[in-house]
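First up is the structure itself, then whatever we jot down about it.
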Amino acid sequence: MKKKAKLAPKKKMASKTASDNTDKILREHVVYLLKGGGAHVHFMDAVEGFPEAKRGTFIAGLPHTGWQLLEHSRIAQWDILEFSRSAKHVSPGFPEGYWPKAPGPPDAAAWEKSLEAFLRDLEEMASLVKNPKTDLYAKIPHGDGQTILREALLVADHNAYHLGQLVDLRRALGEWPTP
C-alpha cells in the first residue's frame, strides 16, 4: 500500500513565501513614496538652488516662507520619527512648536543644517520601514492606535503637502527652474 505524500507543508511554505514577498513589496512601495517617488518632484528639487536672499520672503496669497516650510517639514518629520521609535519622546507644543518663529533662517548655515537634518530623518524613517524586523502593523505601544505603517504614510503625506507649497512659492518668486 502506497503512502500519500503530505502536501500541507508545501502549501504552508508557499504561503509564507508569498507573504514574505508581499511584505517586501509593501516596504519598497512605502520607501518609494517617502523618498518622493511617483506623482511629484523630489524634495531636493524644491529646495536646491532656493535663493538665499528669498528664503524668508512672503508672497501675497501664500501663507509661508521657504524657511518656514523647510523648518516645519523638518520638525514634523523628526517628531513623527521619534514618536515611532521612542516612548520617551516628547512632542513640541502644537502648533507653535512646529513652526519657526522667524520668517527666515538666521544664516545660510541654519538652512543647510535644517536640510541635512530633514534628509537624515527621512532616511531614518525609510530604514525603519525597510527593516524586516519592524512590524509595520503592530500598534506602537506608547501610542493610541498608531502603527509604523501609519506613521510612515503620515510622513510621506505631510512632506508631499508642504513640497507642493514649496513649489508654488518658488514659482511665485520666479525661481522655479524651467525646462
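The values are calculated or read from the model by the stated rules, or taken from the named source; none is laboratory data. Here the structure is a predicted model, which is why all the values come from computation and not from measurement. Here Cβ is always computed from backbone atoms with ideal geometry, including for glycine, and neighbour counts include all displayed protein chains.
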When Trp111 is run through (1) part of a helix (DSSP H, G or I); (2) closer than 27 Å to Lys130 by Cβ, the failure sits at (2)
Tell me, please, whether a residue that is assigned to a helix (DSSP H, G or I), at pLDDT 95 or above and within 16 Å of Met44 (Cα to Cα) can be found in the stretch 77-89.
-> yes
Among Ala156, Ala172, the single one that is surrounded by fewer than 18 Cβ atoms within 10 Å (Cβ to Cβ) and among the aliphatic types (A, V, I, L, M) is Ala172
For the stretch 105-114, what are the residues that are surrounded by 15 or more Cβ atoms within 10 Å (Cβ to Cβ) and either out of contact with any helix residue (DSSP H, G or I) (no Cβ under 7 Å at 6 or more places or on another chain) or more than 12 Å from Gln77 (Cβ to Cβ) (or both)?
-> Pro105, Ala110, Trp111
Within the stretch 130-153, restricting attention to residues that are over 18 Å from Trp78 (Cβ atoms) and in contact (Cβ under 8 Å) with a residue 40 or more places away in the chain, which residue is surrounded by the fewest Cβ atoms within 10 Å (Cβ to Cβ)?
-> Pro141
Within the stretch 53-76, how many residues are without any contact (Cβ under 8 Å) to a residue 40 or more places away in the chain and more than 20 Å from His158 (Cα to Cα)?
-> 2
Residues of the stretch 133-179 being more than 15 Å from the chain's Cα centre (by Cα) and of a type in the set (Asp, Glu), in sequence order, are Asp135, Asp144, Asp168, Glu175
Got a sec? Which of Gly56, Gly93, Gly37 is modelled with pLDDT under 95 and part of a loop (DSSP other than H, G, I, E, B)?
-> Gly37
Leu69 fails exactly one of (1) modelled with pLDDT of 95 or more; (2) surrounded by fewer than 20 Cβ atoms within 10 Å (Cβ to Cβ), namely (2)
Given the structure, is Glu48 of a type in the set (D, E, K, R) and modelled with pLDDT of 95 or more?
-> no
Going by the structure shown, is Ala102 hydrophobic (A, V, I, L, M, F, W, C), modelled with pLDDT of 95 or more and exposed (fewer than 12 other Cβ atoms within 10 Å of the Cβ)?
-> no
Just wondering, is there one or more residues in the stretch 126-136 that are closer than 21 Å to His162 by Cβ and of a type in the set (D, E, K, R)?
-> no
